[in-house]
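Following: one structure in structure tokens, then a few remarks.
The values are calculated or read from the model by the stated rules, or taken from the named source; none is laboratory data. Computed from a prediction, not measured in an experiment: that's the story for all the values here. Cβ coordinates were reconstructed from backbone atoms using ideal geometry, including for glycine residues, and neighbour counts include every protein chain displayed. Accessible surface is based on the protein model in full, side chains and every heavy atom, while ligands, DNA and RNA are left aside. Shrake-Rupley method; radii C 1.70, N 1.55, O 1.52, S 1.80 Å.
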Amino acid sequence: MARNVHNGYGQGMPELPDVEGFRRVLAGHAGDRIRSVEVRDAGVLRGVSGERLGRALRGHRFEEPRRRGKWLVAPVEGPVLILHFGMTGSLSWHPAGEPEHRHDRVVWRLDGGELRFRDMRKLQGVRLARDERDAERLLAGLGPDALEVSRDDLAALLARRRGRLKTALTDQSVIAGLGNLLADEICWRARIAPLRPARDLGEDEVKALHRAMRDVLRTSIEAERVPPRRTWLTGARDDPEGACPRCGTPLSRGRASGRTTVWCPACQPG
């Protein structure tokens, strides 16, 4: 059976916990030799041809992968494979011969099975860096990873932002890894309105926000997704008449940088 094939088609784009799950899938095959590369749809390739991708990777072994925000970085004995999952992407492991899905775009065949990059909308995709220095150049615009940012760093990052809190949290150049679901969940946990100006938060509010971010990320990483639990905002946000899981107040909805934003007007005033 395929492992880790959820890809956010129904719940939202892959965020840090999803990509951490994809990293674990790939880490399970570190040291495995790539027997062949099949590009079934070159529409997911970014800056590299299918022929060059296959030539650069064939016969090489995957090394230990790492994650930077929503990006998966996979060294391959010299070249570095870089994956971004956009809104609908996933990476999963399948036994050899298992029927392919119509949205499987790139397949890496290893001994005993294959890794498949699946993506319906093809908004991001697969890149190839020449080496680690080139990979770092490609990722240079990212802010600190959300799982590693300290409370003091978070305070400094938000203090420099003129826009709304939700916009700052989902800006990958500010903090890497948070998307729509995580940002709303974190603000709800911290009892802070997501549309407030980011730089107006007080010291106690930043502490609450940082604590909520750590707690939500830990739990979500265990689930390899942002779980739609009944006790979480994510468990109610898709209901048009959804109520706050904490106090029962009807949820409010708005927009922040084009993203649907959900909050409780009672728990998150202002």
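Annotations
- Of Arg160, Arg67, Arg105, Arg118, all but one fail to be more than 16 Å from Met13 (Cβ to Cβ) and in contact with a strand residue (DSSP E or B) (Cβ under 9 Å, 6 or more places away or on another chain); the exception is Arg105.
- Residues (under 21 Å from Arg68 (Cα atoms), of a type in the set (A, V, I, L, M) and open to solvent by 10 Å² or more (accessible area, probe 1.4 Å)) located in region 171-211: Leu181
- Pairing each residue of region 239-251 that is under 16 Å from Arg229 (Cβ atoms) with any residue that is of a type outside the set (A, V, I, L, M, F, W, C), provided the two are 6+ apart or on different chains, yields C-beta distances under 6 Å for Ala243/Pro250; Pro245/Thr231; Leu251/Gly242.
- Among the numbered conditions (1) open to solvent by 10 Å² or more (accessible area, probe 1.4 Å); (2) small (Gly, Ala, Ser); (3) in a helix (DSSP H, G or I), the only one that Gly248 does not meet is (3).
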